[in-house]
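The values are calculated or read from the model by the stated rules, or taken from the named source; none is laboratory data. Small disclaimer: the values here were computed from a predicted structure and weren't measured. For neighbour counting, all protein chains shown are included, and Cβ atoms are generated from backbone atoms with ideal geometry for every residue, glycine included. Accessible surface areas use protein heavy atoms only, side chains included; no ligands, DNA or RNA. Shrake-Rupley method; radii C 1.70, N 1.55, O 1.52, S 1.80 Å.
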Amino acid sequence: MISRLQLTVIYNNASRRLIDLYLPFIYKTLDEFEINTPQRIRMFLAQVGHESGQLRYVKELASGEAYEYRRDLGNTEPGDGVRYKGRGLIQITGKYNYGLLSLALGLPLLEKPEMLEEDENACRSAGWFWYKHNLNAL
């Protein structure tokens, strides 16, 4: 799989606290979403590192106003863009995607989108995105 030391080298800007916090959830996510070869793991960790600023961000820094009324994201009501802005280690964005993820993970994300900021959910959402878009095949 991947060791704590390896993750520390990969995410050299992440604190030890973040490495220790996320490592067990990364293990579970890799297993759950079949990210189980060296190449898949490398690519997944690279994308997670890029999207999350090396595990430092689980919520998009921008306000989300740019996503208002983006029908392609399912944002049809006032406030949807801000409410369903990017969250998780791969920044799930938009009411439509939150709805799909909610069904897949069994979480009430449409009612409580901030749940994607929780450590385990942030990690699993990244695995779900990876699997849903068939990125293992690449």
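Annotations for the structure displayed:
- Residue list for region 99-120, restricted to those being farther than 15 Å from Y84 by Cα and not in a loop (DSSP other than H, G, I, E, B): L103, A104, L105, D119, E120
- Among the residues examined, S63 does not qualify as within 14 Å of the chain's Cα centre (by Cα) and farther than 19 Å from L105 by Cα.
- Any hit, region 73-83, residues being among the β-branched types (V, I, T), open to solvent by less than 20 Å² (accessible area, probe 1.4 Å) and either without any contact (Cβ under 8 Å) to a residue 12 or more places away in the chain or on the phi < 0 side of the Ramachandran plot (or both): no
- Check on E120, surrounded by fewer than 20 Cβ atoms within 10 Å (Cβ to Cβ), touching a residue at least 60 places away in the same chain (Cβ under 8 Å) and touching a Lys or Arg at 6+ places or on another chain (Cβ under 9 Å): yes
- When the criteria are applied in full, L107 fails the requirement of being surrounded by 23 or more Cβ atoms within 10 Å (Cβ to Cβ) and under 25 Å from P24 (Cβ atoms).
- Enumeration of residues in region 17-35 that are of a type in the set (K, R) and either modelled with pLDDT under 95 or under 18 Å from L5 (Cβ atoms) (or both): R17
- Within region 11-58, the set of residues being within 13 Å of the chain's Cα centre (by Cα), among the hydrophobic types (A, V, I, L, M, F, W, C), crowded, with 18+ Cβ neighbours inside 10 Å and in a helix (DSSP H, G or I) comprises F25, I26, L30, F44, L45, V48.
- When residues of region 84-98 are limited to those that are open to solvent by 30 Å² or more (accessible area, probe 1.4 Å) and outside any loop (DSSP other than H, G, I, E, B), the one nearest to L135 (Cα to Cα): N97
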